[in-house]
1. Considering only DSSP beta bridges where both residues belong to region 69-220, give the percentage that are antiparallel (nearest 5).
2. Taking K and R as +1 and D and E as -1, what net charge do the other residues with C-beta under 15 Å from the C-beta of Ala115 add up to?
3. Mind checking the log10 I(q)/I(0) for region 1-69 at q = 0.18, 0.20 Å⁻¹? Debye, one equal scatterer per Cα, no solvent, two decimals.
4. Span-like helices, the chain: DSSP H, alpha-carbon axial extent 27 Å or more, mean Kyte-Doolittle 0.0 or greater, which ones?
5. What part of the accessible area of the chain, given as a whole %, is carbon or sulfur when the probe is 1.4 angstrom?
6. Per-residue ellipticity at 222 nm for the chain, helices alone: DSSP H runs ≥ 4 residues times -39500 (n - 2.57), over residue total, nearest 500 deg cm²/dmol?
7. Could you report the chain's accessible area per residue, 1.4 Å probe, as an integer in Å²?
8. Just name one of Thr136, Leu101, Gln69: the one whose Cα is farthest towards the positive end of the charge dipole of region 10-155 (beta-carbon charges, Lys/Arg +1, Asp/Glu -1).
Amino acid sequence: LGIIIGVLPGRDPRLSEVIMMAHHDTQSGNPGADDNASGVVCILELARLLSGRSHRRTLRFISFGTEEQLSVGSAAYVERHRAEMKNTGLVINFDSVASHLGHFELSCIGSEMLARYATKALALRGLDLGLRTEVTPFLDNFPFNRAGVPSWAFFRSNFPGGRWQHHSPHDTLENVSVDKVIQLLTAVAPVVKRLAEQALWPFSRGISAAQRITAQQLGRELYGF
């Protein structure tokens with residue numbers, strides 16, 4: 001399944017941890033510069049930026065394989081670490097975040113307070129983005145959502161219905177922007193750092209009842225859970 005994990009242990013193991021994730025696989029014929037080398041770069045850089053000191057909360061960095069086969073890697077991880085989901089406060093997923101064209105979007109699965117916190121905190125750091133709150137089974141955070149863990153998932157849309165170079169030979173280094181990745185990380189890193197130091201978060205843990213029902217239904221239909 002090709003799951004790679006790095007951990008920065010927190011000072012207080014009683015507090016829930018934050019997981020930052022991406023996937024390193026791609027589809028046949030797709031070089032994968034945006035989908036999803038860009039996401040892997042994000043979690044590697046966040047690990048570097050956040051590793052200079054010990055934080056109150058544990059920070060975990062995971063790169064999954066087989067995302068393109070309906071998140072097989074992340075689903076296996078959640079199943080193997082089911083007991084640990086109760087101590088996971090938030091997962092942050094980076095998937096296709098480097099396109100020159102388009103705009104940033106955030107898929108937020110969780111309480112309304114979590115969505116408001118995310119958009120406000122990131123806007124204060126210069127990152128304006130579109131917000132989506134519908135549950136989607138086509139991201140690596142979905143198996144975590146089924147287990148009741150809230151999530152943020154960042155991506156860039158640049159074409160009606162998705163991304164013009166998505167899953168194609170055009171997903172090359174020539175069609176990604178380092179500046180967009182820097183813009184995203186410049187906003188996200190201090191937000192994660194603050195969350196890692198807070199004993200109490202200004203939003204509730206968990207996902208809404210409606211999102212949980214949708215996640216369970218989609219899990220049965222697509223994953224056979």
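The values are calculated or read from the model by the stated rules, or taken from the named source; none is laboratory data. Small disclaimer: the values here were computed from a predicted structure and weren't measured. Reconstructed Cβ throughout: ideal geometry from the backbone, glycine too, with neighbour counts over all protein chains shown. SASA here: full protein model, heavy atoms, side chains in, ligands and nucleic acids out. Shrake-Rupley method; radii C 1.70, N 1.55, O 1.52, S 1.80 Å.
1. Numbers: 9 of 16 bridges.
Antiparallel: roughly 55 percent of the beta bridges in region 69-220.
2. In short, 0.
3. -0.69, -0.79
4. For the chain, where a helix must reach 27 Å along its axis and average at least 0.0, the hits are 178-197.
5. In the chain, the share of accessible area belonging to carbon and sulfur is 57 percent.
6. Numbers: 6 runs with 68 residues, N = 225.
Theoretical 222 nm ellipticity from helices: -9000 deg cm²/dmol.
7. On the way: 10110 Å² over 225 residues.
On a per-residue basis, 45 Å².
8. Checking the options against the dipole of region 10-155, the answer is Thr136.
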